[in-house]
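Structure incoming, see below.
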Amino acid sequence: DGKRYHDTYFYAISKFVDGPISGYLARHHNVVAMELNGDLRESIGLLESALKDGKSVAIFPEGTRSMDGSMGEFHLTFAQLSVNAQVPVVPVVIDGAFDVLPRGKSLPACGKTVKLTFLPPITPDANKTAEAILHETRENIQAGLEKK
């Protein structure tokens, strides 16, 4: 619904939201840009504030699409945010995205579909480190992909 979308922030690499159209859309649709060669503390601080204010944050833990559609290495940022803000991670299995828009293509393929499956939340607690949350998230998504 519109409220949920309005209350969701998206984390993106700045080079993908630097153009005139993409920049306009980013500024008007809760996109927080990450400078790869800059100080990440500012963008991560904005996301942490949003989480503590009850908003949602969408992060692709790999940071980019793979060349062949396989799952890549996860970055720790999403799990560290979960621990710092004491909010759960809701893993999502994204099936078919590579077929619709492989890396290097600018237009999506017609007639292809993408299926999203929301998995049970992973809740931070005193015994779970950010590394443990990352590992559990990756395992759950991998298992979800294998079930398809």
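Residues of region 115-129 being hydrophobic (A, V, I, L, M, F, W, C), in a loop (DSSP other than H, G, I, E, B) and open to solvent by less than 70 Å² (accessible area, probe 1.4 Å), which ones?
119
Another question, then. From the list 98, 118, 74, which one is touching a residue at least 40 places away in the same chain (Cβ under 8 Å) and under 17 Å from the mean Cα position of the chain (by Cα)?
Being touching a residue at least 40 places away in the same chain (Cβ under 8 Å) and under 17 Å from the mean Cα position of the chain (by Cα) holds for just one of 98, 118, 74, which is 74.
Go through region 10-55 residue by residue and tally those that are open to solvent by 60 Å² or more (accessible area, probe 1.4 Å), touching a residue at least 40 places away in the same chain (Cβ under 8 Å) and in contact with a helix residue (DSSP H, G or I) (Cβ under 9 Å, 6 or more places away or on another chain).
Selection size over region 10-55: 2.
Quick one: in region 130-148, which of the residues that are farther than 19 Å from residue 98 by Cβ and polar (S, T, N, Q) is most open to solvent (accessible area, probe 1.4 Å)?
Step by step, filter region 130-148, then rank; the result is 140.
Here's a follow-up. Let me confirm something: among 79, 97, which residue is open to solvent by less than 60 Å² (accessible area, probe 1.4 Å) and farther than 27 Å from residue 41 by Cβ?
97
For region 16-25, indicate whether the set of residues that are assigned to a helix (DSSP H, G or I) and small (Gly, Ala, Ser) is non-empty.
Scanning region 16-25 turns up at least one residue that is assigned to a helix (DSSP H, G or I) and small (Gly, Ala, Ser).
Against the definition (within 20 Å of residue 11 (Cα to Cα), modelled with pLDDT under 90 and more than 16 Å from the chain's Cα centre (by Cα)), how does residue 68 come out, yes or no?
No.
Go through the residues of region 92-100 one by one and say whether even a single one is assigned to a loop (DSSP other than H, G, I, E, B) and not acidic (Asp, Glu).
Looking for residues that are assigned to a loop (DSSP other than H, G, I, E, B) and not acidic (Asp, Glu), one finds at least one in region 92-100, hence yes.
The values are calculated or read from the model by the stated rules, or taken from the named source; none is laboratory data. It should be emphasised that the depicted structure is a prediction, and the values quoted were computed from it without experimental measurement. Cβ atoms come from the backbone with ideal geometry, glycine included; neighbour counts cover every protein chain shown. Just the protein is used for accessible areas: all its heavy atoms, side chains included, with ligands, DNA and RNA removed. Shrake-Rupley method; radii C 1.70, N 1.55, O 1.52, S 1.80 Å.
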